[in-house]
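Here is the structure we will look at, set down as structure tokens.
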């Protein structure tokens, strides 16, 4: 027999009992757990005899732990099954509303509606009926709108007068006749600003004023306005317009244009010839002097409102004239005048002083800004080539700049100072800009 102290599980329990002087009861077992062993001991009716049973607790508890794991798996599976059934029920209930939502989106986006009508529920059937009605109405409106567009297109193609439709100061539609009058294709103008059609800001501002007054009173306006064709020539048009607000609260207008250029030229020929250069159609020297006197008188009373004068002179014009002839020289002056007017039209105006000398007037302009504009003019003209008789020539200019400060109202010294600034630019090598100041309005420059 083995020593009791060397038996696994029994030895420690026996030692503990002996140390605590605990009796071992006869006929009843006491149980202790020691080092993963379950130990039961009981006395027998014999002196110093007792019975012990040692069992590995892990082996004893293994069946219980397995049963516990199975119970957890069964509980998780039950919860998952209940959740799946709940989701399927919700999908079954929501399916008609989802179908209605898809159909509504298709109608609003003008797509072909999805043909999957809901199959149950009085509310769903009612909504489906409403969507069907909306779809039919939208289809009808679409056909009506397409028919109206075709009618409008036919009118714009065949109308014997120019018709222009604008919305929020943007050209939206033009008739074929309006395109021919202006020299543009409809694609070139539609989507562009209304301001692009007008010869200058004064003409556009006058039309805008009449439009505001017409909208506030009878909704219409009428007048003669100077428009600008694509080739740069003037088109005098009688404009009859009506104002309206569309469904989006955008300000819309319909114009009927009539070309009155010839009639106006005949009516105003003596007056126009007295104030314009016949070769270039620009204001002549007399008109320039009259206009700048009024301009300087106005700015003399307005603080911080200088007026810039650019004296522009073609470089080596006589060489072109002598080499290619006077007809070429006249054509050069006409083309140059048109290009110069286009370059500064949005900030000022141009006049021909005589020969190859031109003046550019820039109201409300500082010396720094005038220099930037002059450089833009110089660089643009340098890139331009004049072609005549199979030959091409690069044209450059010299520019003198003088700014009339607030309170200055004498034209002659101002013009002389600009002329001298241009002279110094030529002496410095041509194709350049020279800025000069007026030190004393009474001084000789």
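Residue under question is residue 328, and the condition is that it be surrounded by 16 or more Cβ atoms within 10 Å (Cβ to Cβ) and in the same structural domain as residue 282 (by TED's automatic domain parsing); does it hold?
Yes.
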- Item | Residues that are at pLDDT 80 or above, assigned to a strand (DSSP E or B) and either in contact with a helix residue (DSSP H, G or I) (Cβ under 7 Å, 6 or more places away or on another chain) or within 13 Å of residue 241 (Cα to Cα) (or both), drawn from region 182-223 | 198
- Query: Scanning region 379-394 for residues that are in contact (Cβ under 8 Å) with a residue 40 or more places away in the chain and either surrounded by fewer than 21 Cβ atoms within 10 Å (Cβ to Cβ) or not assigned by TED's automatic domain parsing to the domain that holds residue 421 (or both), which turns out nearest to residue 333 (Cα to Cα)?
  - Reply: 386
- Task: Only residues that are assigned to a helix (DSSP H, G or I), more than 24 Å from residue 230 (Cα to Cα) and touching a helix residue (DSSP H, G or I) at 6+ places or on another chain (Cβ under 6 Å): list them for region 324-374, please.
- Result: none
- Task: Might you let me know whether region 396-408 holds any residue that is within 20 Å of residue 308 (Cα to Cα), out of contact with any helix residue (DSSP H, G or I) (no Cβ under 9 Å at 6 or more places or on another chain), in the same structural domain as residue 297 (by TED's automatic domain parsing) and at pLDDT 90 or above?
- Result: no
- Item | Selection from region 265-287 of residues that are assigned to a helix (DSSP H, G or I) and out of contact with any helix residue (DSSP H, G or I) (no Cβ under 9 Å at 6 or more places or on another chain) | 266, 267, 268, 269, 270, 271, 273, 285
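The values are calculated or read from the model by the stated rules, or taken from the named source; none is laboratory data. These figures come from a predicted structure and were not determined experimentally. When we count neighbours, we look across all protein chains shown, and the Cβ atoms used for this are built from the backbone with ideal geometry, even at glycine.
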